[in-house]
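Enquirer: Could you have a look at this structure, given as structure tokens, before my questions?
Throughout, read-outs are computed from the coordinates displayed, never taken from laboratory work. The structure displayed is predicted, hence computed values, not measured ones. Positions of Cβ are backbone-derived with ideal geometry, glycine not excepted, and every protein chain shown enters the neighbour counts.
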Amino acid sequence: MSGLRLKVLCLHGFTSNGTVHAHQLRTIVKALPEYEFVFPDGPHKVNIDSEWDLTKPEVHLWNELVISKSTSGHRAWWYAREGKEKGAGDFVGLNASLDFIGSLMQKEGPFHAILGFSQGGCFAGILCALLQRRSIAHPLRSHLPEKLPSPLAGIIFSGFKVRFPQYDEVYAEGINIPMIHVMGVEDDDVIVEKSEELASLNTCSEILKHNGGHQIPRKPEDISQITSFFRKHILAAMILPAQSLI
């Protein structure tokens, strides 16, 4: 591994963007200097006025942060739209995001690891499930290059499983990529149970619960656990041939 620059694909949350995501992850990036972190913008622009109530103080502060820290505006990997029947709905724009990320991974990869926050955490789970060789026949897999290798490990913050039933097959065979699932016990946007549901799909997962809400933890002990998990599993995958790279 000497001299090898390892790459991490970082997927931001709904209404965020790559620049803001990099700001949120600056402590972890600093703790992993041997990695190159890539922060793309989601391809879909979001009109935050139509999605959220800007009169709420927390929404107003978030909007100001995005405006002050970046020029890309509010972005997304898809728009969740509810259907007429209970439990029905769709992720509008997911196919386009798979096309976009597949092209980016092919051009700028290989990516040795993946990291996602909130909607980006959900997207990371979808990507890893689709990139497994066993899932090659899934219809969504056609939006990704045929021989694109799977990441070797992942960090998921406030992630969740897709809730609409037409996507259940994506997870039918689980996710065989080691992941640490980080969740806040005070998170009202993605409650712990939803993050645990995604974690349960992993054949090799670790759960870290922090005392915060819908955010990236900053405490040294949390950062240490995250980076230790990451390094351990990347090293193991680099030494032992990973199934995804065979």
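Enquirer: Quick one: of Lys56/Lys232; Lys30/Lys209; Lys107/Lys232; Lys7/Lys161; Lys45/Lys232, which pairs are farther than 30 Å apart, Cα to Cα?
Expert: Beyond 30 Å between Cα atoms: Lys56/Lys232; Lys45/Lys232.
Enquirer: Here is a follow-up. Can you find, among Phe229, His181, Ser158, the residue farthest towards the positive end of the dipole of segment 148-246? Put +1 on the C-beta of Lys and Arg, -1 on that of Asp and Glu.
Expert: Result: Phe229, furthest along the dipole toward the positive end.
Enquirer: Which helices pass in the chain if a helix is a full DSSP H run, must span at least 15 angstrom along its long axis by Cα, and must have mean Kyte-Doolittle hydropathy not below 1.6?
Expert: 119-131
Enquirer: Is there a quick way to get the dipole size of the chain? I mean about its Cα centre, with the Cβ of Lys and Arg at +1 and of Asp and Glu at -1; what is the value in debye to the nearest 20?
Expert: In debye, rounded to 20, the chain gives about 760.
Enquirer: Mind giving me the nanometre distance, one decimal, between the label points for Lys56 and Arg81, set 7 Å out from Cα along Cα→Cβ?
Expert: It is 2.3 nm.
Enquirer: May I pose another question? Along the charge dipole of the chain, which of Gly87, His74, Asn47 sits closest to the positive end, that is, farthest toward it, with unit charges on the beta carbon of Lys, Arg, Asp and Glu (+1, +1, -1, -1)?
Expert: His74
Enquirer: Can you tell me how much longer the chain between Asp188 and Asn63 gets when fully stretched, taken as 0.36 nm per residue apart minus their C-alpha distance, in nm with one decimal?
Expert: Extending this stretch completely gives an extra 43.2 nm.
Enquirer: About the Cα centre, and with charges only on the beta carbon of Lys, Arg (+1) and Asp, Glu (-1), how big is the dipole of segment 1-72? Nearest 20 debye, please.
Expert: 340
Enquirer: For the chain, modelled as a GNM with alpha-carbon contacts under 10 angstrom, which of Lys69, Lys86, Lys209 fluctuates the most?
Expert: Highest fluctuation among the options: Lys86.
Enquirer: Here's a follow-up. What whole number of Å gives the distance from the Cα centroid of segment 29-67 to the Cα centroid of segment 106-161?
Expert: That distance is 21 Å.
Enquirer: While we're on this one: Identify which of Leu65, Leu201, Leu127 has the largest mean-square fluctuation in a Gaussian network model of the chain, with springs joining Cα atoms closer than 10 Å.
Expert: Answer for the Gaussian network model of the chain: Leu65.
Enquirer: Top mean-square fluctuation among Gly121, Gly83, Gly13, Gaussian network model of the chain, C-alpha springs under 10 Å?
Expert: Sorting by GNM fluctuation, first place goes to Gly83.
Enquirer: Can you give the charge dipole size of segment 150-246 about its Cα centre, rounded to the nearest 20 debye, using +1 on the beta carbon of Lys and Arg and -1 on the beta carbon of Asp and Glu?
Expert: 420
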